[in-house]
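The structure appears below as structure tokens.
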Amino acid sequence: MSRGGLRRRFPVLGIRDFRLLLADRLIAPASVGFSLVGVSFAVLKATGSATDLSYVLAAQIAPALVFALVGGVAADRFRPQRVIVAANLLMAVGEGTFGVLVLAGRPPLWAMIGLEAVTGTGAAIFYPASQALLPRLVPDSLLQEASAISRLVMNTGQMSGAAVAGLLVAAAGAGWALVLCGIGMVATVPMLLSIQGSPVPAPVPIPVPVQAQAQALVPAHAAVPAQAPPAGMLAELREGWSEFRSHTWLWVIVAQFCIVLMAWYGAFSVLGPVVAREHLGGPAAWGAITAADAFGLIAGGLASLRFIPRRPMLFVVLSGGAIAVSPLSLAMVLPLAAICAASFGLGVIVEMMMVQWTVAMVRNIPPDKLARVSSYDVLGSVMAMPAGALIAGPLGTAIGISRAQYAAAAVIIVASALALIPRDIRTIRSGDAPVPPVPEVPAAPLEAVPR
């Protein structure tokens, strides 16, 4: 299909800033693919310990407990693309330096933990800024299409990176994969700085007729400030928290994924490479599993261009329960092809879920609060992942890798079943419009305004 044909088929591709964003979302996830394979096998080669891998991966996630909220406030105050530049440079420093140390010799455990904490800080501030950027580049009518295409490109990059990284680590070692990750992150900076986007959205103004009527009721001597002073960080976080907890579907699903991701991260990211090394063929096998998952994400992105579930929140919760397939396939030590097939199928489901979640967030959360609410989303979802990582290694050593992975699958299923209890999860339908907030009129109650 020609370039003009693509733009007619997908009008969002005609937006220059969106095309620049796609370039970033191809290169950065490809770099992350190198990290996904490189970090685990660098640690396992240096220490040979699943427990030490637990510590390193916990350090990668732990910064989200603090910096996700900071990133949310920053992305609501400043242009999100600049926040993403800072995030990508932090990840470049963390992974690039880690790679250099691996190439130079055997890095100490404390250095690996510290560098992954730097990488994790970048990842923590990236997510809320990424969520806030897309709706500032495309109109609402193209949001579903833009979200699906954006994630399709991201997953293509990650699949390619993971597949190449598995072969590279097997042939030349994990150090080169981590150095290439750092180089790729630096390469995204010029593209992000070229994005113009829209300025930080202002709060929804009071309608002019209502404002005029309200001002007529204010005594002439009363001073009405033209503009409220900028709120401090704590005030902005409180405002974001109020918005977050006002949506039952939002906090229930975040609570569900807090438990789901804790169990999945320990069973898959920590214990999965151990299974691959002992039973499946090492880093090349783990790269194939990771690439199969990313390939499923690509297929799910293509399906999301057309697929709209009738009850999107129910679909999201059930998709969370399906994540149990991941630790189950490893616990059963299925043939590599079967594990890759399971990863592919799960990737399809998870990607369709993520597109629906992204669209639901953008359409139901005010744009000037979206980054802060997204920061609570990422904080709540990942806050237990360090615990999952820290538990998985010692638990696998104590009771066996397979038993630990079976236990993780059971936890995922139970948490997802409990998330089905609230009525909102089962009744919200696609196309349900959010109720817009009623603007507050200063100095006079709305009942006093003449009708």
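The values are calculated or read from the model by the stated rules, or taken from the named source; none is laboratory data. Computed from a prediction, not measured in an experiment: that's the story for all the values here. A quick note on method: Cβ atoms are made from the backbone with ideal geometry, for glycine too, and the neighbour counts reach across all protein chains shown. All accessible areas refer to the heavy atoms of the entire protein, side chains included, with ligands and DNA or RNA removed. Shrake-Rupley method; radii C 1.70, N 1.55, O 1.52, S 1.80 Å.
Using every alpha carbon pair in segment 305-347, what percent of pairs falls into each 10 Å bin from 0 up to the bin containing the largest distance?
27, 41, 25, 8
To the nearest 10 square angstrom, how much accessible area does residue 145 have with a 1.4 angstrom probe?
Using a 1.4 Å probe on the heavy atoms, I get roughly 40 Å².
With Cβ to Cβ distances under 14 Å as the rule, what net charge do the other residues near residue 343 carry (K, R +1; D, E -1)? Display every interim value, and only then the final one.
Details: positive: none; negative: 293, 351.
Combined, the nearby Lys, Arg, Asp and Glu give -2.
Let me check I've understood the local charge: for residue 36, count other residues with C-beta under 14 angstrom from its C-beta, Lys and Arg +1, Asp and Glu -1. What total comes out?
Values: positive: none; negative: 95, 116, 293.
Within the 14 Å Cβ shell, the charges total -3.
So how do 239, 351 rank on accessible area, 1.4 Å probe, biggest first, that is with the largest at the start?
Details: 239 80, 351 0 Å².
The most accessible residue leads, giving 239, 351.
Treat each spin label as a single point 7 Å out from the Cα along the C-beta direction, and report the residue 420 to residue 238 distance in nm.
Between residue 420 and residue 238, the simple spin-label model gives 4.0 nm.
What shape does segment 13-97 take by its C-alpha gyration tensor, where a ≥ b ≥ c are the square roots of the eigenvalues and a/c under 1.5 counts as rounded, a/b above b/c as prolate, and the rest as oblate? Each step should come with its number before you reach the end.
On the way: a/c = 3.32, a/b = 1.66, b/c = 2.01.
It is oblate, given that a/c is not under 1.5 and a/b is not larger than b/c.
I need the shape label for segment 64-127. Rule: rounded when a/c is under 1.5, else prolate if a/b > b/c, else oblate, with a, b, c from the alpha carbon gyration tensor.
Values: a/c = 5.54, a/b = 2.25, b/c = 2.46.
Oblate, because a/c is 1.5 or more while a/b does not exceed b/c.
Of the listed peptides 125-133, 181-189, what is their order by residue-averaged count of other C-beta atoms within 10 Å, with the highest listed first?
Peptide ranking by packing, descending: 125-133, 181-189.
Give the ranking of 247, 279 by solvent-accessible surface, highest area first, calculated with a 1.4 Å probe. Mind showing how you got there, number by number?
On the way: 247 35, 279 115 Å².
In descending accessible area the options line up as 279, 247.
For segment 261-390, what is the convex hull volume of its Cα atoms per residue in Å³? Mind showing how you got there, number by number?
Details: hull volume 14.2 nm³, N = 130.
Considering the Cα atoms of segment 261-390, their hull volume per residue is 109 Å³.
Tell me, what is the FRET efficiency for residue 65 and residue 172 to the nearest 0.05, using R0 = 60 angstrom and their Cβ-Cβ distance as r? Walk me through the numbers before you get to the answer.
Values: r = 35 Å, r/R0 = 0.58.
Once rounded, the FRET efficiency stands at 0.95.
So what's the net charge close to residue 322: Lys and Arg +1, Asp and Glu -1, counting the other residues with Cβ under 14 Å from its Cβ?
Values: positive: none; negative: 293, 351.
Within the 14 Å Cβ shell, the charges total -2.
With every protein chain left in place, what is the accessible area of residue 426 in Å² (1.4 Å probe, nearest 10)?
The accessible area of residue 426 comes to roughly 100 Å².
Between residue 251 and residue 77, how many nm apart are label points set 7 Å from Cα along the C-beta direction?
2.6
Efficiency by 1/(1 + (r/R0)^6): what FRET value for residue 19 and residue 399, r their Cβ-Cβ distance, R0 = 56 Å, to the nearest 0.05? Could the numbers behind the result be given before it?
Details: r = 51 Å, r/R0 = 0.90.
Calculated value: 0.65.
Compute the distance in nm between two label points, each set 7 Å from the Cα along the Cα-to-Cβ direction, one at residue 186 and one at residue 302.
Between residue 186 and residue 302, the label points sit 3.6 nm apart.
Provide the solvent-accessible area of residue 10, counting protein heavy atoms only and rolling a 1.4 Å probe, rounded to the nearest 10 Å².
The value for residue 10 is about 40 Å².
For segment 272-320, what does the alpha-carbon gyration tensor say about shape, rounded, prolate or oblate, given a ≥ b ≥ c as the root eigenvalues, a/c under 1.5 as rounded, and a/b over b/c as prolate? All intermediate terms of the calculation are to be shown ahead of the outcome.
Values: a/c = 6.84, a/b = 2.29, b/c = 2.99.
Oblate.
Between residue 278 and residue 363, what length comes free when the chain is fully extended (0.36 nm per residue of separation minus the Cα-Cα distance, one decimal in nm)?
Details: separation 85, 0.36 × 85 = 30.60 nm, distance 4.62 nm.
Length difference between fully extended and current span is 26.0 nm.
May I ask you to derive the FRET efficiency for residue 9 and residue 310 from their Cβ-Cβ distance with R0 = 30 Å, giving the value to the nearest 0.05?
Details: r = 26 Å, r/R0 = 0.86.
It comes out at approximately 0.70.
With a cut-off of 8 Å between alpha carbons and a minimum separation of six or more residues, what is the relative contact order of segment 69-202 in percent? Numbers along the way, then the final one.
Details: 146 pairs, mean separation 58.3, N = 134.
After rounding, I find 44 percent.
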